[in-house]
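The values are calculated or read from the model by the stated rules, or taken from the named source; none is laboratory data. It should be emphasised that the depicted structure is a prediction, and the values quoted were computed from it without experimental measurement. Using ideal geometry, Cβ is built from the backbone for each residue, glycine included, and neighbour counts are taken over all protein chains shown. Surface areas here come from the heavy atoms of the whole protein model, side chains and all, with no ligands, DNA or RNA. Shrake-Rupley method; radii C 1.70, N 1.55, O 1.52, S 1.80 Å.
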Amino acid sequence: MMAETADVARLARLLRESSHAVALTGAGISTESGLPDFRSPGTGLWETVDPMAYLSTEALERRPELFYSTGMELLGALREAQPNRAHLALASLEKAGRLKAVITQNIDGLHHKAGSQRVFEVHGHLRSGHCQRCRSTVAFSVLADKARAGEVPPRCDRCGGVLRPDVVLFGDPMPEAFDLAAREVLGSDLLLVVGSSLQVAPVAYLPQYATNLAIVNLTPTPYDGLAGVVIHDQAGPVIEALAQAVLS
Ligand code: APR
């Protein structure tokens, strides 16, 4: 606990001295909201679910019944979660002008729910879907309701094309949010990674462009050696203590 307090104090000083700090979050910031991450031993989602089978463009095209049943169930569960103290603390740091943006790999929308304003959702989100033919946008609930009513794949009311959620599936190109996020990192003077294994490209490349790097993650990451501060502990208490130290 003492080490952590000293590390939080060092991280708070880095944050106070920065003029353009940006956070990069992964599934680990949402586990304290009850959502499994992907790679934690024993609990990570990818230990029980083959992502390519359910959440890939190939599954969407070739096995829509799988995508729109198990895949949508996985996605739907994320929408019920609530932000935890790590999300709320990052939002309070942004409100105080101490954090300029959050780049997140998460599609759970918890940074928005916590009140963060500048959020770059580089793997998409669960607020809407779109028609793959006419590109019209629909609310995620419309898509989910159609699938639940047995319309698989759900079709566009306007043109009959197949609807899909606005999440980045395995096989999709990266959205514009990723390019904007990369620019945000290049323009930052501190990148604070929270709850990511930093193993999935191209997001995993971003920390190498950070002027100063800090990592709060339960387990080691490939970038620990490059980070000025590394705290291997729960994001909730650490980021809350960080916000208290910076904002007090
Ligand atoms: N506090 C801090 N760190 C945590 C916590 C917590 N409460 N819970 C888990 N972690 C850490 C884990 O130790 C792990 O290193 O968070 C990290 C989460 O890593 P992943 O499960 O790999 O999630 P992420 O980095 O977001 O994965 C990136 O991979 O499958 C794709 O699209 C998916 O966006 C995801 C991407």
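Overview of values
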{"item": "Matching residues, the range 230-248, being of a type in the set (S, T, N, Q), farther than 13 Å from Leu88 by Cα and modelled with pLDDT of 95 or more", "result": "Gln234"}
{"item": "Filtered residue count, the range 9-22, keeping only those that are small (Gly, Ala, Ser), surrounded by fewer than 22 Cβ atoms within 10 Å (Cβ to Cβ) and within 15 Å of Ser188 (Cβ to Cβ)", "result": "2"}
{"item": "Residue match in the range 83-91 (condition: surrounded by 15 or more Cβ atoms within 10 Å (Cβ to Cβ) and within 26 Å of Val142 (Cα to Cα))", "result": "yes"}
{"item": "Qualifying residue in the range 120-141 (condition: away from the ligand (no atom under 16 Å from the Cβ), part of a helix (DSSP H, G or I) and touching a residue at least 12 places away in the same chain (Cβ under 8 Å))", "result": "yes"}
{"item": "Of residues in the range 48-70 being of a type in the set (Val, Ile, Thr) and over 22 Å from Arg133 (Cβ atoms), the one nearest to the ligand (Cβ to nearest atom)", "result": "Val49"}
{"item": "Residues satisfying the stated conditions in the range 23-35, i.e. open to solvent by 60 Å² or more (accessible area, probe 1.4 Å) and either closer than 19 Å to Phe170 by Cβ or near the ligand (Cβ under 6 Å from one of its atoms) (or both)", "result": "Glu32"}
{"item": "Flag for Thr104 being loosely packed, with under 15 Cβ neighbours inside 10 Å, among the hydroxyl-bearing types (Ser, Thr, Tyr) and under 23 Å from Val200 (Cα atoms)", "result": "no"}
{"item": "Residue in the range 231-241 that is within 13 Å of the ligand (Cβ to nearest atom), in contact (Cβ under 8 Å) with a residue 24 or more places away in the chain and under 15 Å from the mean Cα position of the chain (by Cα) present", "result": "yes"}
{"item": "Search result, residues across the range 191-229 that are in contact (Cβ under 8 Å) with a residue 12 or more places away in the chain, more than 11 Å from the ligand (Cβ to nearest atom) and open to solvent by 40 Å² or more (accessible area, probe 1.4 Å)", "result": "Gln208, Tyr209, Thr211, Asn212, Leu226, Gly228"}
{"item": "Test: residue in the range 138-145 that is modelled with pLDDT of 95 or more and of a type in the set (D, E, K, R)", "result": "no"}
{"item": "Selected residue [buried (at least 20 other Cβ atoms within 10 Å of the Cβ) and acidic (Asp, Glu)] from Glu151, Glu240, Glu184", "result": "Glu184"}
{"item": "Answer from Leu90, Leu45, Leu75, Leu99 - the residue that is aliphatic (A, V, I, L, M), in contact (Cβ under 8 Å) with a residue 24 or more places away in the chain and within 11 Å of the ligand (Cβ to nearest atom)", "result": "Leu45"}
{"item": "Residues of the range 107-119 classified as open to solvent by less than 10 Å² (accessible area, probe 1.4 Å) and touching a residue at least 40 places away in the same chain (Cβ under 8 Å), total", "result": "2"}
